[in-house]
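Everything on this sheet refers to the single structure shown next.
The values are calculated or read from the model by the stated rules, or taken from the named source; none is laboratory data. None of the values given here were measured: they were computed from a predicted structure. Glycine also receives a Cβ, built like all others from the backbone with ideal geometry; neighbour counts cover every protein chain displayed.
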Amino acid sequence: MSISIQQGLETLKKYIKIAPESPGVYRMLGEGDVVLYVGKAKNIKKRITNYSHINKLPTRLVRMVSEIKRMEFIIVENEAKALLVENELIKKLEPRYNILLKDDKTFPHLVIDVHAEFPALRKYRGARKDGNRYFGPFANVLAVNNVQDILQKAFLLRSCRDTVFHNVSRPCMQYQIKRCSAPCVGKISQEDYRHLVQEAIDFLDGKNTRLQDDLSVKMQEASDHMDFEKAIVLRDRIKALTSVQTGTMVEYADIKSCDVVAVLRKHDIVCIQVFFIRSGQNCGNAPFFPQQTEDMSNADILEAFLGHFYSEHIPPKEIIVSEELENKAFLETAIGSHINTYQKGNKAKLVGRALENAEAAIDRKMALETSIKNNLLELQRVFNLPKMPERIEVYDNSHTQGTNSVGGMIVATPDGFDKKSYRKFNIQNSDLQNQNRDDGKIINNDDFLMMKEVLIRRFKNMTAENKPDVILLDGGLGQLHAVHEALSGFDLSGIAIIAISKGPERNAGKEFYHMLGRESFPLPYRSPIAFYLQNIRDEAHRFAIGTHRARRGKTMSQSHLDEIDGIGNKRRRDLLNHFGSVAQIKEASLKDLQKVSGISKKTAEKIYNYFHS
């Protein structure tokens with residue numbers, strides 16, 4: 001046994017003696033208090049004792065034990081809390097020996113506010129609120145749109161905003177095309193509408209076995225009583241429900257609610273595939289590619305994934321997995337779901353299908369990475385770079401006639417776009433502020449100065465870990481010289497600065513590329529490297545414009561409300577949170593305005609008169 005392993009083992013045994021025998025989280029720290037590993041346990045002492053059995057550990061964890069200098073413990077009240085704390089620390093600290101999952105996905109749901117007078121069926125993303133019924137998740141917007149479309153045909157629930165609902169005098173197009181029962185204008189009673197809501201909830205909960213039979217009886221009764229209009233509506237509802245059953249796959253039919261989670265390793269790439277199944281419907285699937293999985297078993301990877309994923313997302317009643325898990329009981333208690341494996345039957349077939357999708361996702365990832373790598377190698381050759389670039393930063397500015405100026409930075413890597421590293425910059429430099437508008441608004445209209453400010457602010461926060469290999473600018477030689485001048489006080493060694501300008505015909509694919517000390521040149525028309533650079537530049541442009549529009553919209557919202565006497569920051573925020581936008585506030589009635597917390601009758605009248613005077 002080497003000296004380093006012996007020293008790490010002695011340190012570990014010292015902390016085992018003082019470790020608590022309670023649920024909690026432990027941290028292993030190395031030289032300079034660098035966090036090596038964060039783990040959770042029902043019994044911390046018992047869990048970390050396992051690391052002292054060196055002969056049973058994989059090479060990766062043996063190396064980790066050899067680096068331990070000290071440990072820290074956090075005691076919590078139960079397994080669920082331990083799971084949450086562990087996940088927060090892993091995301092914050094990114095320990096080198098933990099399996100890391102870059103999960104920035106939020107999945108859409110369907111939501112019904114059952115406490116509303118006439119509940120609406122809407123798509124929703126974000127944190128769940130008390131008083132609503134949520135159904136999902138759905139893997140993507142297409143899946144949730146398909147289900148919402150069927151539900152609107154089958155149950156005729158409204159999907160409009162409350163402000164629209166309370167301010168209409170005649171049915172909208174949704175009623176005309178038989179996708180809404182028009183409770184807004186009294187086409188249906190509250191009692192009958194409530195019945196439709198409950199039917200929809202029962203359907204989404206999988207309690208739909210008798211629904212079609214009941215509708216068939218009602219349709220026949222309506223027909224016998226010569227109420228053909230009602231019979232046609234019931235017929236269309238039955239057809240919508242039939243289309244759902246027709247699309248239900250046999251292997252999903254006996255499953256009310258579950259997630260299928262399967263892990264596959266191929267060519268040293270690990271993929272975890274998640275299928276969302278609700279009420280016999282496949283609500284889509286999503287692949288995940290965890291990092292730092294070397295020497296880890298598929299079961300350990302899956303266990304780490306489940307802990308991370310279900311601390312961020314609401315779990316179903318059952319989770320079907322492809323591997324037997326050592327800490328299954330702990331996870332079931334912490335997550336609040338049953339975790340099962342199956343060797344035969346429909347549920348085993350679902351796992352097989354998830355594994356097939358995981359393999360296909362790995363093949364697609366490998367093909368994409370090969371394409372990106374080839375482009376990066378070509379970028380290295382064409383621009384005489386010392387090595388293949390690992391981090392490319394692309395910058396763009398956006399403004400409207402100089403107002404609401406913002407800069408955007410996107411990051412491209414061999415793995416694709418690193419969206420967590422994107423940054424936005426609200427232009428602040430006083431040299432840009434010229435009071436040359438009649439209304440006194442500030443104008444920032446010097447693109448060179450804007451880019452200088454953005455780059456200086458970015459480089460002040462540069463570290464060895466986020467130092468770029470290439471900076472790509474949207475602009476010509478003037479922009480290139482301005483950036484070099486702005487960054488003259490920073491260490492630019494190893495960083496290539498490239499500017500892109502449109503060619504004489506301003507056609508995509510005929511751009512010119514500029515670098516200091518080199519003649520400007522175009523790339524071969526329609527070459528792969530030209531397409532690649534256009535793609536990442538377009539992404540920077542999309543990000544900058546999106547950031548600018550968000551800021552402009554916020555400014556427009558605030559400027560309108562700020563002009564109303566008695567509306568400060570809190571009331572403005574409450575109004576926007578309640579109605580969603582200034583346009584909806586403008587359409588609101590006096591009665592609706594008074595429903596907002598903190599808005600008195602007098603204040604509501606001021607708001608109403610402002611928009612309607």
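Does A540 count as surrounded by 21 or more Cβ atoms within 10 Å (Cβ to Cβ), outside any strand (DSSP E or B) and either in contact with a His (Cβ under 6 Å, 6 or more places away or on another chain) or hydrophobic (A, V, I, L, M, F, W, C) (or both)?
In short, yes.
Please specify each residue of segment 98-108 satisfying the condition of being modelled with pLDDT of 85 or more and buried (at least 21 other Cβ atoms within 10 Å of the Cβ).
Once the filter is applied, which keeps residues that are modelled with pLDDT of 85 or more and buried (at least 21 other Cβ atoms within 10 Å of the Cβ), segment 98-108 yields N98, I99, P108.
Would you check if V111 is of a type in the set (A, V, I, L, M), in contact with a Lys or Arg (Cβ under 9 Å, 6 or more places away or on another chain) and buried (at least 20 other Cβ atoms within 10 Å of the Cβ)?
yes
Output the number of residues of segment 115-133 satisfying the condition of being under 19 Å from the mean Cα position of the chain (by Cα) and either surrounded by 14 or more Cβ atoms within 10 Å (Cβ to Cβ) or modelled with pLDDT of 80 or more (or both).
Residues in segment 115-133 being under 19 Å from the mean Cα position of the chain (by Cα) and either surrounded by 14 or more Cβ atoms within 10 Å (Cβ to Cβ) or modelled with pLDDT of 80 or more (or both): 4 in total.
Quick check on my filter: what residues within segment 560-578 are surrounded by 15 or more Cβ atoms within 10 Å (Cβ to Cβ) and in a helix (DSSP H, G or I)?
Once the filter is applied, which keeps residues that are surrounded by 15 or more Cβ atoms within 10 Å (Cβ to Cβ) and in a helix (DSSP H, G or I), segment 560-578 yields H560, L561, R571, R572, D574, L575, L576, H578.
I'd like to check something: does segment 378-400 contain any residue that is among the hydroxyl-bearing types (S, T, Y), buried (at least 18 other Cβ atoms within 10 Å of the Cβ) and farther than 23 Å from K266 by Cα?
Yes, segment 378-400 has at least one match.
Among the small types (G, A, S), touching a Ser or Thr at 6+ places or on another chain (Cβ under 6 Å), within 30 Å of K123 (Cβ to Cβ) and modelled with pLDDT under 90 - does that describe any residue in segment 320-340?
Taking every residue of segment 320-340 in turn, none turns out to be among the small types (G, A, S), touching a Ser or Thr at 6+ places or on another chain (Cβ under 6 Å), within 30 Å of K123 (Cβ to Cβ) and modelled with pLDDT under 90.
Working only within segment 582-609, note down all residues that are acidic (D, E) and crowded, with 19+ Cβ neighbours inside 10 Å.
The answer is D592, and nothing else.
I'd like to verify a number: residues in segment 579-604 that are polar (S, T, N, Q) and either part of a helix (DSSP H, G or I) or in contact with a helix residue (DSSP H, G or I) (Cβ under 6 Å, 6 or more places away or on another chain) (or both), how many?
Adding up the residues that qualify gives 4.
Would you mention how many residues in segment 587-609 are in contact (Cβ under 8 Å) with a residue 40 or more places away in the chain and not acidic (D, E)?
Final tally of qualifying residues: 5.
May I ask you to list pairs of residues, at least six apart or on different chains, whose Cβ atoms are under 7 Å apart, with the first in segment 307-324 being in contact (Cβ under 8 Å) with a residue 60 or more places away in the chain and surrounded by fewer than 21 Cβ atoms within 10 Å (Cβ to Cβ) and the second being in a helix (DSSP H, G or I) and not β-branched (V, I, T)?
Sorted first by the residue in segment 307-324, then by its partner, the pairs are S311/L83; S311/L84; S311/N87; E323/N298; E323/A299; E323/L302.
Return yes when V147 is in a helix (DSSP H, G or I) and over 13 Å from I112 (Cα atoms) and no when it is not.
yes
Residues in segment 150-170 that are out of contact with any Asp or Glu (no Cβ under 7 Å at 6 or more places or on another chain), at pLDDT below 85 and not in a helix (DSSP H, G or I): how many?
Residues meeting the conditions: 4.
Tell me, yes or no, whether segment 134-145 has at least one residue that is buried (at least 16 other Cβ atoms within 10 Å of the Cβ), over 30 Å from C271 (Cβ atoms) and of a type outside the set (D, E, K, R).
For segment 134-145, residues buried (at least 16 other Cβ atoms within 10 Å of the Cβ), over 30 Å from C271 (Cβ atoms) and of a type outside the set (D, E, K, R): absent.
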